[in-house]
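Student: This is the structure I have questions about; it appears just below.
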Amino acid sequence: MGTRSLTYIEESYGENNEKKENILCMYRQYDGYLSGHGAELAEFLQEFNIVNGYNHDTAKRSANGMGCLAAQLIAHFKDGIGNIYIHHPDDKDCGEEYTYTIYNKKGKVHMRIYDIWTKLIIFDGKPEKFIAYQKEIA
């Protein structure tokens, strides 16, 4: 049996970005633990910028909004049959041990990791900080 996880892409909107909704839920059947999916996710997301419009000068590690980031995330992780699935954006209770929420904070990608068993947020910050955190606990 694998370590299952859910990864959400969260979109913020409204006058002050006070409204939030999931636009993607990616289910991972196995390797969803922190040093597996968490590390791979942080590595992929590190130094990503969220922009609104782009041109030839836009940084390589950019997404044109959270929908663009969601598409890039699926393209990165899905490499054949099984393991990675797209679920309804608000799915829960899929046997997951961890949930990873990806969100935009002032144009920078952040990730929040929730441990289902302890019912605690175990990380909330930039992917680069998670990579450093993983090195500390290893």
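The values are calculated or read from the model by the stated rules, or taken from the named source; none is laboratory data. Values in this document were obtained by computation on a predicted structure and should not be read as measured data. Don't worry about glycine lacking a Cβ; one is built from the backbone with ideal geometry, like all the others, and counts go over all protein chains shown. Only protein heavy atoms, including side chains, enter the accessible area calculation; ligands, DNA and RNA are left aside. Shrake-Rupley method; radii C 1.70, N 1.55, O 1.52, S 1.80 Å.
Student: What does the convex hull of the Cα atoms of region 59-138 come to per residue, in Å³, rounded to a whole number?
Tutor: Cα-based convex hull of region 59-138, divided per residue, equals 145 Å³.
Student: Using a Gaussian network model of the chain with C-alpha springs under 10 Å, which one of GLY125, GLY82, GLY107 is most mobile by mean-square fluctuation?
Tutor: GLY82
Student: Please list ASP90, ASP79, ASP31 in order of solvent-accessible area, largest first, computed with a 1.4 Å probe with all protein chains present.
Tutor: ASP79, ASP90, ASP31
Student: Also, I was wondering about something else. Where the only charges are on Cβ atoms (+1 Lys, Arg; -1 Asp, Glu), what is the dipole of the chain about its Cα centre, to the nearest 20 debye?
Tutor: Using Cβ point charges on Lys, Arg, Asp and Glu, the chain gives about 260 debye.
Student: Give me the net charge for the shell around GLN46: Cβ to Cβ below 9 angstrom, other residues only, Lys and Arg +1, Asp and Glu -1.
Tutor: Charge balance near GLN46 sits at -1.
Student: For HIS56 and GLN29 in one chain, what is 0.36 nm times their gap in residues minus the Cα-Cα distance, to one decimal in nm?
Tutor: Taking 0.36 nm per residue and subtracting the Cα distance, the gain is 6.0 nm.
Student: Now, a different point. Would you kindly derive the ³J(HN,Hα) couplings of region 39-53 from the backbone phi angles with the Karplus curve 6.51 cos²θ - 1.76 cosθ + 1.60 (θ = phi - 60°), listing them in order in whole Hz, with x for Gly and Pro?
Tutor: Here the 3J(HN,Hα) series is 5, 5, 5, 4, 4, 5, 8, 4, 6, 6, 10, 9, 10, 10, x Hz.
Student: Where the centroid of each part is defined by its Cα atoms, how far is region 1-17 from region 107-121 in Å?
Tutor: Spelled out, the Cα-based centre of one part sits 9 Å from the other.
Student: Still on this structure: At GLU97 and ALA132, where each label point lies 7 Å from the Cα along Cα→Cβ, what is the point-to-point distance in nanometres?
Tutor: Placing both labels 7 Å along Cα→Cβ, they lie 2.7 nm apart.
Student: Expressed as a rounded percentage, what relative contact order does the chain have, with Cα pairs under 8 Å and six or more residues apart?
Tutor: Computed over the chain, the figure is 30 percent.
Student: OK, next. Looking at region 72-138, which trypsin sites (Lys or Arg not before Pro) are in a loop (DSSP not H, G, I, E or B) and have at most 14 other Cβ atoms within 10 Å?
Tutor: For trypsin sites (Lys or Arg not before Pro) across region 72-138 that sit outside H, G, I, E and B with at most 14 neighbouring Cβ atoms in 10 Å, the list reads LYS78, LYS92, LYS106, LYS119.
Student: Could you please state how large a percent of the accessible area of the chain is carbon and sulfur, counting protein chains only and using a 1.4 Å probe?
Tutor: The computed percentage sits at 50.
Student: Going through the cross-link list LYS20/LYS105; LYS60/LYS92; LYS78/LYS119; LYS78/LYS105; LYS19/LYS105; LYS20/LYS106, which pairs have a Cα-Cα distance over 22 Å in this structure?
Tutor: Over 22 Å apart, Cα to Cα: LYS60/LYS92; LYS78/LYS119; LYS78/LYS105.
Student: For region 17-78, report the accessible area per residue in Å² (1.4 Å probe, heavy atoms, rounded to an integer).
Tutor: 53 Å²
Student: Evaluate the distance, in nm, between pseudo-label points positioned 7 Å from the Cα of ASP124 and of ARG112 along their respective Cα→Cβ axes.
Tutor: Spacing of the two 7 Å Cα→Cβ label points: 0.6 nm.
Student: Additional query: Considering only TYR85, ASN104, PHE130, whose Cα is most displaced toward the positive end of the charge dipole of region 30-138, charges sitting on Cβ of Lys, Arg (+1) and Asp, Glu (-1)?
Tutor: Projecting each Cα onto the dipole axis, the largest value belongs to ASN104.
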